[in-house]
Amino acid sequence: MTVKITDIDQKRNKAMDAWMDEAKRSVVRVGGGRGFIVRAHDNMRCERRFVVTAAHCLPHLPPAHPAREAEESVYPRLLGRLGKRATVWADCRFVDPIADIAVLGQPDDQVFTEEAEPYDELVGSAEPLAISDMKARDLYDLNSWDRVWALSLNGEWIEYQARHIGGSTLAVRAPFVGGMSGSPILDDQGCAIAAVSTEQMNPRLTQALPGWLLAGQKRRRMTPAEKQRRKEWLARQPHLGLGETTSEGPGPNEF
């Protein structure tokens, strides 16, 4: 039987090729595994970029103490581009070893002056991935699977089947292998919905990531009063080099 490829199919394939190329640049090396770049916005509407990865990709866990020294949560030479040596330092901003998820950020530039800039260069080299979620399926509907995508060790996006039946994990039919840990699992729109952890159960990002990171994905429009306060604050911070921009940036992601 011959399968006819319609114009709609061709346009859809071209669109997928475009986001696949862009998404691949957002995947980075994290130790012996991987991670991917995401963005968040703070209360002053400034964009910050982070790397999401699997917790087991970290060399060790930082001390469980909020008053720890800066050096205790920083990992030397942990990050790098895919296929390259890991030379970039990173600070652990969040880790949940039970869910197997971690968030890495820039080392404190007041303490690690020379190490902070390479981090900014790495995470600024690609467009961050948007975070989304998958529609839940009926637990007893065993024939309902959605297609997702993960990056193979060869650097190709491979299609897999996945199910979300509630809870904090995503079940994926995939022969994930060592070295793929921490890679993003993407939906058809190129949004990250989970991180590779095991062959069967993988943490859903909207459930496993911290609230401050998820909230920072959504950007409401500032009121005129907020814009004025931000403009005045930026004027008092010339060392930031941000000028008087009031750019709203991208719209909110819907979870």
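The values are calculated or read from the model by the stated rules, or taken from the named source; none is laboratory data. What you see is a predicted model, and the numbers here were worked out from it, not measured in a lab. Counting neighbours? That spans all protein chains shown, and the Cβs are built from the backbone with ideal geometry, glycine included.
Looking at (1) at pLDDT 95 or above; (2) surrounded by 14 or more Cβ atoms within 10 Å (Cβ to Cβ); (3) within 20 Å of VAL88 (Cβ to Cβ), which is the one condition that is false for GLU121?
(2)
Out of the residues in region 52-62 that are touching a residue at least 12 places away in the same chain (Cβ under 8 Å) and not small (Gly, Ala, Ser), state the one that is surrounded by the most Cβ atoms within 10 Å (Cβ to Cβ). Full working, then the answer.
As a first pass, look at region 52-62 and keep what is touching a residue at least 12 places away in the same chain (Cβ under 8 Å): 52-59, 61-62.
After this cut, where a residue has to be not small (Gly, Ala, Ser) as well, the list is 52-53, 56-59, 61-62.
On the way: VAL52: 27, THR53: 31, HIS56: 16, CYS57: 22, LEU58: 21, PRO59: 10, LEU61: 12, PRO62: 17.
Checking each candidate, the answer is THR53.
Suppose we keep only residues that are touching a strand residue (DSSP E or B) at 6+ places or on another chain (Cβ under 9 Å), part of a loop (DSSP other than H, G, I, E, B) and charged (D, E, K, R) within region 63-91. Which one would you say is surrounded by the fewest Cβ atoms within 10 Å (Cβ to Cβ)?
Among them, the one singled out is ARG85.
Does region 124-175 hold any residues that are at pLDDT below 90, part of a loop (DSSP other than H, G, I, E, B) and under 21 Å from SER26 (Cβ atoms), and which are they?
Once the filter is applied, which keeps residues that are at pLDDT below 90, part of a loop (DSSP other than H, G, I, E, B) and under 21 Å from SER26 (Cβ atoms), region 124-175 yields MET134, ALA174.
If you check every pair at least six apart or on different chains, which have Cβ atoms under 7 Å apart with a residue in region 191-211 that is closer than 17 Å to GLY167 by Cβ and in a helix (DSSP H, G or I) first and a residue that is aromatic (Phe, Trp, Tyr) and at pLDDT below 95 second?
Short answer, once both residue conditions are applied: THR206/PHE255.
Taking the conditions exactly as written (touching an Asp or Glu at 6+ places or on another chain (Cβ under 8 Å) and either modelled with pLDDT of 95 or more or over 29 Å from THR169 (Cβ atoms) (or both)), does HIS56 satisfy them or not? Explain how you work it out, then say what you get.
Details: touching an Asp or Glu at 6+ places or on another chain (Cβ under 8 Å): yes; either modelled with pLDDT of 95 or more or over 29 Å from THR169 (Cβ atoms) (or both): yes.
Taking the combined requirement at face value, the residue satisfies it.
Mind counting the residues in region 75-119 that are of a type in the set (D, E, K, R) and touching a residue at least 24 places away in the same chain (Cβ under 8 Å)? Write out each step before concluding.
Filtering region 75-119 down to residues of a type in the set (D, E, K, R) leaves 77, 81, 84-85, 91, 93, 96, 100, 108-109, 114-115, 117.
Cutting the leftovers down to touching a residue at least 24 places away in the same chain (Cβ under 8 Å) gives us 81, 84, 93, 96, 100, 108, 115.
Count: 7.
Go through PHE36, PHE94 for me and flag whichever is aromatic (Phe, Trp, Tyr), surrounded by 14 or more Cβ atoms within 10 Å (Cβ to Cβ) and farther than 21 Å from GLY178 by Cβ. Before you say what the answer is, go through the steps one by one.
Numbers: PHE36 fails: farther than 21 Å from GLY178 by Cβ.
Sole residue among the options that is aromatic (Phe, Trp, Tyr), surrounded by 14 or more Cβ atoms within 10 Å (Cβ to Cβ) and farther than 21 Å from GLY178 by Cβ: PHE94.
Name the single residue that is surrounded by the most Cβ atoms within 10 Å (Cβ to Cβ) among those in region 150-166 being free of Cβ contacts under 8 Å to residues at least 40 places away in the same chain and over 17 Å from GLY33 (Cα atoms). Walk me through it before giving the result.
Filtering region 150-166 for residues free of Cβ contacts under 8 Å to residues at least 40 places away in the same chain gives 152-154, 156, 158-163, 165-166.
From the residues that got through so far, the ones that are over 17 Å from GLY33 (Cα atoms) too are 158-163, 165-166.
Working: ILE158: 13, GLU159: 10, TYR160: 16, GLN161: 13, ALA162: 22, ARG163: 19, ILE165: 15, GLY166: 10.
In this case the residue turns out to be ALA162.
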